[in-house]
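Rule-based calculations on the coordinates, nothing more; no lab input. Since we're looking at a predicted model, the values are computed, not measured. Because the Cβ atoms are built from the backbone with ideal geometry, glycine has one as well, and the counts that use them run over all protein chains shown.
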Amino acid sequence: MSKTMSKHDLGSSVVYQIYIKSFCDSDGDGIGDLPGIVSKLDYLKYLGVDYIWITPFFPSPQRDNGYDVSDYCAIDPAYGTMDDFDALVAEARRRGMGIMLDMVLCHTSSEHEWFQRALAGEERYRRYYILRDGRGSSGPGDPGEPPTNWQCAFGGSAWEWEPRLGKWYLHMHDVSQPDLDWTNPEVREACADVVRFWRDRGVRGFRFDVVNLISKPEVIEDVPGSGSACRALVADGPHVHEYLQELVERAGIDGMITVGEMAATNLENCVRYTNPASHELSMTFSFHHLKVDYKDGKKWELADPDIARLRQIFSDWQEGMQAGEGWNALFWNNHDQPRAISRFGGRGGAGYPDTSWEKVGKMLATCTHFMQGTPYIFQGEELGMTNPGYPSIDDYRDVESKNYYRIMIEGGKSPAEALRVVSERSRDDGRTPMQWSAAAHAGFTTGEPWIGVAPNYERVNAEAEAGVEGSMLEFYRRLVCLRKELDVVAEGAVRFVDAGPAAPKVIAYERVLEDAPAGQPKRLLVLCSFDNEPCAVRLSGAAAEGLGDAGVLLGTYPRRLIDPASGMVALHAFEALVLAW
Ligand code: NOJ
């Protein structure tokens, strides 16, 4: 068994996420591709990242943009060839970066050979999926009602009647994504084979899609309420830890960097997934911090972000994972999330208030990049990309957005109201083409992009920001660099700090490493204001100690007021400040 990654390795690494379809198009078909990624490796090296996670590029009918995989061990011609992939791995390695792949093993596409063979009646493959009789069915051929009230993630029942199977099949996501039955040892073996296949091609790590949904409850029954609570019921199921351990062992990936995407999970399970003694995963993505602007927990109802709740979630997860020797993946953005700048910097589909977008972006980045864990940068985040605020529902492509737009209209919302919600909540907000330059289509393609470019590309783009002092891109480069330079960032203990009653929207925490190498700080104090008005932090007790000796490691405003005697630090709107001792 290879050695598990050390805390220092994990804590000094930074991962960059590429949503391949929107990253860089090399052949003018409007879709990003593998050669496009190769052409941008120098840019990623300039940014300083260690690993590049690429979203699925396997053959797929694209009902869920590649998360509906029809062949796990091949490459969709739209994205390139196996030679292109090998070249990417080699070119990344030459620059000291590793490739991480996205393994979608909770479900297949309905066009996958396994499902097709199940449809053709092969008993062996019927046992790959979760098939049930309908409720109230009078016998074979009579569907009856769906077996339970479960709702899938994209709206509507999680069950589909399939006459060729004579059963309902479970799909926790789109109807074209039947869930695999992981109680079947053959399924587990086949999934390990897939991971081993890519490991043997030189991949350095893996992200596992909704992997905490692989072990379904022993009894499949109704959940109270609307049926959407089934996600929480299925999450972290009875055999999930055992299945992950087995997968890691069989695929021979212990010691590689791995991250599990965890739907509706909890701290206790994430500690278990990531404590090195479990030999399961290096780290987990959890999403509680990205639900603080859901009204009463409902994604498709708008509310302002609740910063007190955000602070509580961060402190619970940072301190809780630390106590259990687990490890967090740190992130604000990905291909399933609206852009964080638009979300936390003042709502409005088209982006941010003109004057503050850079401040908001830098503050958000500071907030997560100094935490304990491994930071992920989602393409374009390092430039300050925002939601596009498309003018029409026809501009959106995502299956979830289109379904919920319809559901909202059916529920009585006007088209304008429904569009407003979609513009703030759509997964497409994070899927617009990468903004490389001020050229047509932001330099992403010479053809027609598969989805429209955000209108601010002429000023928010890589070409305009590279090498420019004070730009968002240069700020991110500094954050990446500090994580490698300072052991306190990579390994320090974390402790959340009370910012006092006059700073209700400030998130404050310390990092401490008593045995930091000589010449390096032992202690950091990170202050991030989510307030669009100035405020005054009042530190007390241990947090205020030695404030007079602190130097400024990083800040987003040139002028600041610190009064060590009273423990007061004045912050501007959306200011981030990192003090070091
Ligand atoms: C999570 C992925 O990030 C998302 O894009 C996808 O739709 C679901 N899992 C289902 O695979």
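Among 393, 18, sorting on how many other beta-carbon atoms sit within 10 Å of each Cβ, with the fewest leading, yields 393, 18.
Overall, the anisotropy analysis places region 444-498 in the prolate class: the square-rooted eigenvalues a ≥ b ≥ c of its C-alpha gyration tensor yield a/c not less than 1.5, with a/b exceeding b/c. Footprinting exposure proxy ranking of 528, 481, fewest other C-beta atoms within 10 angstrom first, gives 481, 528. Given H placed 1.01 Å from N in the peptide plane, which residues other than close sequence neighbours of residue 171 have an amide H under 5 Å from its amide H? Residues meeting the criterion, in which the H sits 1.01 Å from N, are 159, 160, 179. Rounded to the nearest 20, the size of the Cβ-charge dipole of the chain about its Cα centre is 980 debye, with Lys and Arg at +1 and Asp and Glu at -1.
With one equal scatterer per alpha carbon and no solvent term, the Debye-computed log10 I(q)/I(0) for region 389-428 at 0.15, 0.23, 0.27, 0.31 1/Å reads -0.26, -0.62, -0.87, -1.14.
The amide H of residue 14, built 1.01 Å from its N in the peptide plane, has 50, 51 as neighbours under 5 Å, considering only residues 5 or more places off or on other chains. Summarised in one figure, the compactness ratio Rg/Rh of the chain, Cα atoms and Kirkwood Rh, is 0.96. Shape of region 438-581 from the C-alpha gyration tensor: prolate (a/c of 1.5 or more and a/b above b/c, with a ≥ b ≥ c the square roots of its eigenvalues). Here the relative contact order of the chain, from alpha carbon pairs under 8 Å that lie six or more residues apart, stands at 13 percent. 3J(HN,Hα) along region 285-302, derived from phi through the Karplus expression 6.51 cos²θ - 1.76 cosθ + 1.60 where θ = phi - 60°, amounts to 8, 10, 10, 4, 5, 9, 10, 6, 10, 8, 6, 6, x, 9, 4, 8, 10, 7 Hz, with x in place of Gly and Pro.
Rounded to the nearest whole Hz, the Karplus-based 3J(HN,Hα) values (6.51 cos²θ - 1.76 cosθ + 1.60, θ = phi - 60°) of region 363-374 follow the sequence 5, 4, 4, 4, 4, 8, 5, 9, 6, 7, x, 10, with x at glycine and proline. Available extension along the chain between residue 81 and residue 559 is 166.8 nm, counting 0.36 nm per residue and deducting the alpha carbon span. In the structure displayed, which of 299/413; 298/505; 484/522; 21/291 lie more than 20 Å apart, Cα to Cα? Result: 298/505; 21/291 exceed 20 Å. Projecting the Cα positions of 540, 499, 572 onto the charge dipole of region 490-581 (unit charges on Cβ atoms of Lys, Arg, Asp and Glu, taken about the Cα centre) puts 572 furthest along the positive direction. So for region 377-487, considering every pair of alpha-carbon atoms, how many percent are separated by more than 21 Å? The answer is 47 percent, as a whole percent. Converting phi to 3J(HN,Hα) with the Karplus coefficients 6.51, -1.76 and 1.60 and the offset θ = phi - 60°, region 186-196 yields 5, 5, 5, 5, 5, 5, 5, 4, 4, 5, 4 Hz in sequence order, with x at every glycine or proline. Amide hydrogen proximity for residue 453: with H placed 1.01 Å from N in the peptide plane, no residue at 5 or more positions away or on another chain lies under 5 Å. So if I take the centroid of the Cα atoms in region 155-227 and the same for region 365-433, what is the distance between those two points in Å? Spelled out, the Cα-based centre of one part sits 25 Å from the other.
Remark: 377, 341 ranked as 377, 341, counting other beta-carbon atoms within 10 Å and listing the fewest first. What is region 113-170 by shape, rounded, prolate or oblate, if you read a ≥ b ≥ c off the alpha carbon gyration tensor as root eigenvalues and call it rounded for a/c under 1.5, prolate for a/b larger than b/c, and oblate otherwise? Here region 113-170 falls in the oblate category.
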